[in-house]
Amino acid sequence: MSQFTAISRAKIPVGKEVPIDLSVWLLHHETTIRSTFFFGVLLLIAIWEVISPRRRLLRSKSERWVNNLLLTFLNTLLLRLLFPAAAVGVAAFAELHGWGLFHHFHTPGWLATILAVIILDFAIYIQHILFHAVPLLWRLHRVHHADPDYDVTTGARFHPLEIILSMLIKFATIVVIGAPVIAVVLFEIILNAMAMFNHGNIKLPLTVDHWLRTLLVTPDMHRVHHSVEDDEANSNFGFNLSLWDRLCATYRHQPRQGHEGMTIGIHRYHTPQMVTRLDGMLLLPLRGKVSEYAINRRHWSPKPEEER
Ligand SMILES: [Zn+2]
Ligand SMILES: [Zn+2]
């Protein structure tokens, strides 16, 4: 049992208030709920990719899947060891002590839940931009971008240090806003499912994509972000709501070369040893000079006819 779960169990008057009962229940079943959604969505998108793929894969699917999922497994293990209470435990701790804006202003539970999910989504949008803008952070994040193909496992492929930093940023956001436990569980499930959906090598009818992306990030929208071209990679940072990219002018509709013609990955690093194998991915942040890339140092310049 985690530290926060123990605290919650000891002090929460079980049976008196429904929302707290729900919080306690969620704390106890969080791992089962999240694992069920993870494997369910993974299976669904994997089947979809076989039935209706968007692009032909360049590398062996089995080799990529084994290495990408090994990295995901390693990250899950690391998070469990470092943060056994997880984000949901931090939310319970903040709730118990009345920390954060929503608790301070006694915001109704339903409103705090909706707002917390939206704010957490905005926070990871900003965090994503930060990981592109700061050269040291880009070193970690390029492990996600170095995948020469784009499929459901790309969505779960991050360097362990990026995963740890992301978790700390999430903890801070939860504490500052006082996100309810249910909002955190909902957000984790949505983020996980959406990351697998929008990294899916799946074909959506263009009209469905068009309507869906007025609200959500679709596979075609996020694929632009995985382009080898710097200006395309520095767009479409959102994971769930497409609103943030539109509001902050980082939205790009389609890749110049089209979805079948575009090159996915990053400059310089493309050998299987560097970008497909687990050891190569773990060591990728150590390659190259520190100053070689940042968001404001684009190498690409458009031809006159491509300028808008
Ligand atoms: Zn990125
Ligand atoms: Zn991505």
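Just one of the numbered conditions (1) loosely packed, with under 15 Cβ neighbours inside 10 Å; (2) outside any helix (DSSP H, G or I); (3) among the aromatic types (F, W, Y) is not true of W65: (2).
Within the option set L58, L43, L78, being of a type outside the set (K, R) and in contact with a helix residue (DSSP H, G or I) (Cβ under 8 Å, 6 or more places away or on another chain) holds for one residue only, L78. Restricting G261, G265 to residues that are at negative phi, out of contact with any strand residue (DSSP E or B) (no Cβ under 7 Å at 6 or more places or on another chain) and not polar (S, T, N, Q) narrows the list to G261. L71 passes every criterion in (1) at pLDDT 90 or above; (2) part of a helix (DSSP H, G or I); (3) surrounded by fewer than 15 Cβ atoms within 10 Å (Cβ to Cβ) apart from (3).
Restrict the check to region 129-152 and report whether at least one residue is within 14 Å of ligand 1 (Cβ to nearest atom), surrounded by fewer than 18 Cβ atoms within 10 Å (Cβ to Cβ) and of a type in the set (G, A, S). Scanning region 129-152, I find at least one residue that is within 14 Å of ligand 1 (Cβ to nearest atom), surrounded by fewer than 18 Cβ atoms within 10 Å (Cβ to Cβ) and of a type in the set (G, A, S), so the answer is yes. The set of residues in region 44-96 being small (G, A, S) and without any contact (Cβ under 8 Å) to a residue 60 or more places away in the chain consists of S60, S62. For region 153-167, the set of residues classified as assigned to a loop (DSSP other than H, G, I, E, B) and either more than 15 Å from ligand 2 (Cβ to nearest atom) or without any contact (Cβ under 8 Å) to a residue 24 or more places away in the chain (or both) is empty. Before we move on, is G98 more than 16 Å from ligand 1 (Cβ to nearest atom), modelled with pLDDT under 95 and more than 14 Å from I177 (Cβ to Cβ)? No, not satisfied. The sole residue among E188, E162, E229 that is more than 16 Å from ligand 1 (Cβ to nearest atom) and either surrounded by 17 or more Cβ atoms within 10 Å (Cβ to Cβ) or of a type outside the set (A, V, I, L, M) (or both) is E188.
Summed over region 197-219, the residues that are touching a residue at least 60 places away in the same chain (Cβ under 8 Å) and more than 16 Å from ligand 1 (Cβ to nearest atom) give a count of 5. Within region 228-246, residues that are charged (D, E, K, R) have Cβ atoms under 6 Å from residues that are within 13 Å of ligand 1 (Cβ to nearest atom) in these pairs: E232/V224; D245/N236; D245/G238, counting only partners at least 6 apart in sequence or on another chain. Say whether the condition of being hydroxyl-bearing (S, T, Y) and in contact with a Phe, Trp or Tyr (Cβ under 6 Å, 6 or more places away or on another chain) is met by at least one residue in region 172-180. Scanning region 172-180, I find no residue that is hydroxyl-bearing (S, T, Y) and in contact with a Phe, Trp or Tyr (Cβ under 6 Å, 6 or more places away or on another chain), so the answer is no.
The values are calculated or read from the model by the stated rules, or taken from the named source; none is laboratory data. Keep in mind the model is a prediction, meaning the values are calculated, not measured. Methodologically, a virtual Cβ is constructed for each residue, glycine included, from the backbone with ideal geometry; neighbour enumeration extends over all protein chains shown.
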